[in-house]
Amino acid sequence: MDAYLEALKAYQSFNPAGWVAIYRLLPMWAGIVSCVVGIVLLLFGGGRLFRVLAGPMGALIGLAWTGVLLTKFGVSGADPRLATAAAAVLAVVGFLFPPAIVYLGVGIPVGLLGGEIAGPNDFLIGFGPGLILGGLVAAVLHRQVAAILSSMLGAWLLVIGAMAALHQFGGLVAAMASQPWGLLIAAGLFAIAGSVYQIAVRPSPEEAERQQAERQRLKVRQAEQKALEKRWSASRGGK
């Protein structure tokens, strides 16, 4: 577990090589499972499945960003288990109220960007508005943002899972791992394709419910029509 937590620390900064290196910790079966999960998230992650996804995503936010936020706010000497506790809390929040994870998943990076623009001395002045505005926009566009977030995570799981599954072909995978930018571009293309499919092609949950209700009404009308035809035939036969 410590090895995985250490590997996740690479995601606290812009470190493409470190992001890719996590595949070395995954056995082949885990790589195959990651590929399957990644494809599912690319195709369906932004719909009702997002409630299931929001829990693990909240845990990742807690693990990846707690230490960064503490450092930015000048908090030193914090218990190392604090990130794990934050991950557990956010995982529960994600399962119970997914929009909160959408809010934090977008708001925190935007807030950090605002803090960097404001500078170390005015970090809070830049972080606060960035967190609030970025989170509010994400909450309003919940379906679209959920589709994009799920596609991004699904694309990365697909790429990392494929590398872990092909780990036995050491030369090929090592060559791929030495080009982290190429892997990022590949994951980005998958994420764009998944986002476009979920937002523009796949019907929204509301539209899917409307279509399902329409199909049910059509079935009822067809059954009623058949029953009426049977009664009409029976009455004519009786004469």
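The values are calculated or read from the model by the stated rules, or taken from the named source; none is laboratory data. Worth saying up front: this structure is predicted, and the values here are computed from it rather than measured. Please note: Cβ atoms are built from the backbone with ideal geometry, for glycine as well, and neighbour counts cover all protein chains shown. Ligands, DNA and RNA are stripped out before the accessible areas are found, and what is left, the full protein with its side chains, is counted by its heavy atoms. Shrake-Rupley method; radii C 1.70, N 1.55, O 1.52, S 1.80 Å.
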Original post:
Measuring from label point to label point, each 7 Å out along Cα→Cβ, what is the Val33 to Leu184 span in nm?
Top reply: 2.9
Original post:
Of the peptides 68-80, 110-122, how do they stack up when ordered by the mean number of other Cβ atoms within 10 Å, highest first?
Top reply: 110-122, 68-80
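So if R0 is 25 Å, what FRET efficiency would Thr71 and Ile117 give, r being the distance between their Cβ atoms, rounded to the nearest 0.05?
For Thr71 and Ile117, the calculated efficiency is 0.90.
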Original post:
What residue among Ala83, Ala213, Ala174 shows peak mean-square fluctuation when the chain is described by a Gaussian network model with Cα springs under 10 Å?
Top reply: Ala213
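If you wrap a convex hull around the C-alpha atoms of the chain and split its volume per residue, what is the figure in Å³?
Details: hull volume 41.0 nm³, N = 239.
Measuring per residue, one finds 172 Å³ for the Cα hull of the chain.
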Original post:
How much of the calculated P(r) for the range 115-179 lies past 16 Å, in percent of all Cα pairs?
Top reply: 66
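For Ala78 and Phe169, FRET efficiency with R0 = 35 Å and r from the beta-carbon atoms, rounded to 0.05?
Working: r = 42 Å, r/R0 = 1.20.
Efficiency for this residue pair is about 0.25.
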Original post:
What is the range 47-133 by shape, rounded, prolate or oblate, if you read a ≥ b ≥ c off the alpha carbon gyration tensor as root eigenvalues and call it rounded for a/c under 1.5, prolate for a/b larger than b/c, and oblate otherwise?
Top reply: oblate
Original post:
So how tilted is helix 98-118 from the main axis of the chain? Cα-based, degrees 0 to 90, rounded to 10.
Top reply: 30
Subject >> Alpha-carbon centroids, the range 31-76 and the range 106-165: separation in whole Å >> reply: 11
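Calculate, in nm to one decimal, what Ala223 and Arg24 gain on full extension: separation in residues at 0.36 nm each, minus their alpha carbon distance. Mind dumping the intermediate values first?
Working: separation 199, 0.36 × 199 = 71.64 nm, distance 5.81 nm.
Length difference between fully extended and current span is 65.8 nm.
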Subject >> Pairs of Lys in the chain closer than 26 Å at Cα, counting only those 8 or more apart or on different chains >> reply: 4
**OP:** Using the heavy atoms of the protein chains and a 1.4 angstrom probe, tell me the accessible area per residue for the range 73-174 in square angstrom.
**Re:** 52
